[in-house]
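Undergrad: Sharing a structure with you now.
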Amino acid sequence: MKASDEDLEWLYPGRDPEESIAHWATLGPHFTVLTRGAKGAVAFLKGERLFAPAPKVDVVDTVGAGDSFMSALLATMHSDGALGVGSRSPDSVSLAKWLRFAANASAITCGRKGSDPPSRADLEARLAMG
């Protein structure tokens, strides 16, 4: 389950979004993810809190950043065999890798005008640079 800090602030005014997403994690999903824009992303997995910082980027446009994050998260999970019937439950090492991948996809999108998500090659090149 994934939500942005803006989503959770709208749903639960006055409540810390991280508190809300941590609570959601206790309700049955394998893990939950909170995206926080320039503040990075937080995930909760079996009571463990994982953090992925937002990569540095000269922001041109934030349109599509959340969609890029989610599609990249699903794409990397799929590549690791973590989706579908019979898929394995995630561990913290895998989830941290997936969050980093997704955060970089979102950063690339923010560095472009309009909703222009990166290709896998764009992402792999960025990740290879560190």
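The values are calculated or read from the model by the stated rules, or taken from the named source; none is laboratory data. The structure displayed is predicted, hence computed values, not measured ones. Cβ placement follows ideal geometry from the backbone for every residue including glycine, while neighbour counts extend to all protein chains displayed.
Undergrad: Looking at segment 61-68, can you tell me whether even one residue there is surrounded by 14 or more Cβ atoms within 10 Å (Cβ to Cβ), out of contact with any Leu (no Cβ under 7 Å at 6 or more places or on another chain), part of a loop (DSSP other than H, G, I, E, B) and at negative phi?
TA: Looking for residues that are surrounded by 14 or more Cβ atoms within 10 Å (Cβ to Cβ), out of contact with any Leu (no Cβ under 7 Å at 6 or more places or on another chain), part of a loop (DSSP other than H, G, I, E, B) and at negative phi, one finds at least one in segment 61-68, hence yes.
Conditions (1) aliphatic (A, V, I, L, M); (2) touching a residue at least 60 places away in the same chain (Cβ under 8 Å), marked per residue:
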site: 41; (1), (2): yes, yes
site: 77; (1), (2): yes, no
site: 82; (1), (2): yes, no
site: 86; (1), (2): no, no
site: 101; (1), (2): no, no
site: 105; (1), (2): yes, no
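Undergrad: Quick check on this structure: which one of 120, 36, 126 is under 16 Å from residue 5 (Cβ atoms) and of a type in the set (D, E, K, R)?
TA: Working: 120 fails: under 16 Å from residue 5 (Cβ atoms); 126 fails: under 16 Å from residue 5 (Cβ atoms).
On inspection, the qualifying residue turns out to be 36.
Undergrad: Can you tell me which residue is surrounded by the most Cβ atoms within 10 Å (Cβ to Cβ) among those in segment 10-52 that are among the hydroxyl-bearing types (Ser, Thr, Tyr) and within 20 Å of residue 70 (Cβ to Cβ)?
TA: In the first step, residues of segment 10-52 are kept if they are among the hydroxyl-bearing types (Ser, Thr, Tyr); the result is 12, 20, 26, 32, 35.
When the remaining residues are screened for being within 20 Å of residue 70 (Cβ to Cβ), the result is 20, 32, 35.
Values: 20: 19, 32: 20, 35: 28.
By that ranking, first place goes to 35.
Undergrad: Test residue 14 against the stated conditions and say whether it is modelled with pLDDT under 95 and farther than 19 Å from residue 107 by Cα.
TA: no
Undergrad: Kindly establish whether residue 27 is touching an Asp or Glu at 6+ places or on another chain (Cβ under 9 Å) and on the phi < 0 side of the Ramachandran plot. If you could, list the steps in order and put the result at the bottom.
TA: Working: touching an Asp or Glu at 6+ places or on another chain (Cβ under 9 Å): no; on the phi < 0 side of the Ramachandran plot: yes.
So residue 27 fails the test.
Undergrad: Considering only residues of segment 105-130 that are among the charged types (D, E, K, R) and in a helix (DSSP H, G or I), which is farthest from residue 79 (Cα to Cα)?
TA: Across segment 105-130, the extreme among qualifying residues is 126.
Undergrad: Is it the case, given these coordinates, that residue 72 is in contact with a helix residue (DSSP H, G or I) (Cβ under 8 Å, 6 or more places away or on another chain), surrounded by 18 or more Cβ atoms within 10 Å (Cβ to Cβ) and not in a helix (DSSP H, G or I)?
TA: No, not satisfied.
Undergrad: Something else now. Which number in (1) in contact with a strand residue (DSSP E or B) (Cβ under 6 Å, 6 or more places away or on another chain); (2) under 27 Å from residue 121 (Cβ atoms); (3) exposed (fewer than 15 other Cβ atoms within 10 Å of the Cβ) marks the one condition that residue 99 misses?
TA: Exception for residue 99: condition (3).
Undergrad: Out of everything in segment 88-99 that is in a helix (DSSP H, G or I) and without any contact (Cβ under 8 Å) to a residue 40 or more places away in the chain, what residue ends up being nearest to residue 118 (Cα to Cα)? Give the derivation first.
TA: Taking segment 88-99 as the starting set, the residues that turn out to be in a helix (DSSP H, G or I) are 92-99.
Right, trim to without any contact (Cβ under 8 Å) to a residue 40 or more places away in the chain and you get 93-94, 97-98.
On the way: 93: 24, 94: 21, 97: 17, 98: 15 Å.
Among those that are in a helix (DSSP H, G or I) and without any contact (Cβ under 8 Å) to a residue 40 or more places away in the chain, it is 98.
Undergrad: Of all residues in segment 8-47, which are closer than 30 Å to residue 58 by Cβ and out of contact with any Leu (no Cβ under 9 Å at 6 or more places or on another chain)?
TA: Passing the criteria: 9, 10, 35, 36, 37, 38, 39.
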